[in-house]
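The values are calculated or read from the model by the stated rules, or taken from the named source; none is laboratory data. For clarity, every value in this text was computed on a predicted model and none was experimentally measured. Cβ coordinates were reconstructed from backbone atoms using ideal geometry, including for glycine residues, and neighbour counts include every protein chain displayed. When the accessible area is computed, the model is the full protein with side chains, heavy atoms only, and any ligands, DNA or RNA have been set aside. Shrake-Rupley method; radii C 1.70, N 1.55, O 1.52, S 1.80 Å.
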Amino acid sequence: MIIVFGSLNINTVMPVEHFPKPGETVACTSDYLSHPGGKGANQAVAAARAGAKVAVVGKIGDDSFGRRCINNLKNQSIWASGIGMSERPTGHSTVAVDSSGTNMSIVAPGANNDATADQVPDEVLIPRNILLTQLEVPPKETFMVLSRARNHQTPTILDASPATKMTREGLANVDYLIVNEVEAHQLAHTLGITETDPRLIAKAITRMGGPRMACIITLESKGSVAVKDDATYVVRTLKVDAVDTTGAGDAFCGIFAARLQLGHDWLKAMHYAGVGAALSCLALGAQESMPFLDDIEAHVHKVEPPRKLA
Ligand code: RIB
């Protein structure tokens, strides 16, 4: 099973021709849309659709947004009994999507700020499960649950998004660190890494993280680069005409976790994740656009498998 410790939001999606500049008001090109989102919940849906059993641990508010978040997970056969109730409102994200499919978001974390590591029971931190985390709930709690997972030999994945200050100690409990290119530069800065090439950043991070760690940096339409055991790999992705890139990083993380837990080696899991992330850009929304395993398998042969650089 995949245990997702993370955020749940409702996203209000505003389709616009171009993003407003400071002080500018722009009208939407069509009606706004309201979708379940949040990095944790998005990753949970991606993992479930990629074939894994999934449970989510987090916090919602006592409001209609929170009930929608839970119902949406339950409708995808995801365990939601680990989601607690906060006195704050359910998290909310306003997402503007421009005519090229690029997105910009403002997130009000609300109840997500009350998620705590002790909501994850020891009973689920076992070696055959995978703990999947992000940083949209308090990073201190995420690092705490990662440390407990390490003590119980549960494999761990951290999507270090949104970027936050990280220490070497924080990295030590992560088996697979996943970041996008922008976050990779921010993370490099906080860790005192001076490299600017993503391949060299990934290598420097794994050297800090300890012998078991792999670092994967996603590069949007260029695919991703990954480093493990001092070897560097390039991972291609599917070329698509993106409609909305919201949640593409979450698709990558959820699919990667699912395929790993179901027995793929990490390179094959990345192959599937890269293709699935591209497919998730073909429709508006985050969770709605997550691909199913059949869709990924119908396209994965079109993309070269991960290749080790000499
Ligand atoms: O990664 C995309 C997600 O980030 C959105 O669904 C939004 O809720 C924000 O949390």
Next on the checklist: How large is the accessible surface of His18 in square angstrom, using a 1.4 angstrom probe and rounding to the nearest 10?
Outcome noted: 90 Å²
Item to check | Label-point gap, in nm, between Asp63 and Gln153 - each point 7 angstrom along Cα→Cβ | outcome: 4.4 nm
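Before anything else, pin down the relative contact order of the chain: Cα pairs under 8 Å, at least 6 apart, normalised by residue count, whole percent.
Working: 781 pairs, mean separation 55.9, N = 310.
Here the relative contact order equals 18 percent.
Hey, any idea what % of region 147-240's accessible area is carbon plus sulfur with a 1.4 Å probe?
Working: 2120 of 4230 Å².
It is 50 percent, rounded to a whole number.
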Item to check | Potential lengthening between Val243 and Ser30 on full extension [0.36 nm per residue; Cα-Cα distance subtracted] | outcome: 75.3 nm
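Summarise the accessible area of region 245-310 (1.4 Å probe, protein heavy atoms) by the percent that is carbon and sulfur. Before the final figure, lay out each step's value.
Details: 1450 of 2530 Å².
Carbon plus sulfur share of accessible area: 57 percent.
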Checklist entry - Label 7 Å along Cα→Cβ of Gln76; region 31-66 residues with amide nitrogen under 12 Å? => result 36-56
Checklist outcome for this item: Percent antiparallel among DSSP beta bridges confined to region 173-310, nearest 5, equals 70 percent
Next on the checklist: Can you give me the accessible area per residue for region 29-115, using a 1.4 Å probe, in Å²?
Outcome noted: 44 Å²
Checklist entry - Straight-line reach from Lys239: which lysines have a Cα under 19 Å away, not including same-chain ones fewer than 8 places off? => result Lys222, Lys268, Lys302
Checklist outcome for this item: Summed over the other residues with a beta carbon less than 15 angstrom from that of Ile205, with K and R at +1 and D and E at -1, the charge totals -2
Next on the checklist: Considering only protein heavy atoms and a probe of 1.4 Å, how much of the accessible area of region 1-128 is carbon and sulfur, as a whole percent?
Outcome noted: 53 percent
Item to check | Rough spin-label spacing in nm, given labels placed 7 Å along Cα→Cβ, for Arg307 and Met104 | outcome: 3.7 nm
Next on the checklist: Just to verify a number: what accessible area does Glu141 come out at with the full protein assembly present, 1.4 Å probe, Å² rounded to tens?
Outcome noted: 30 Å²
Checklist entry - What is the gain in length, in nm to one decimal, between Leu200 and Asp294 on full extension, counting 0.36 nm per residue of separation less the C-alpha to C-alpha distance? => result 30.4 nm
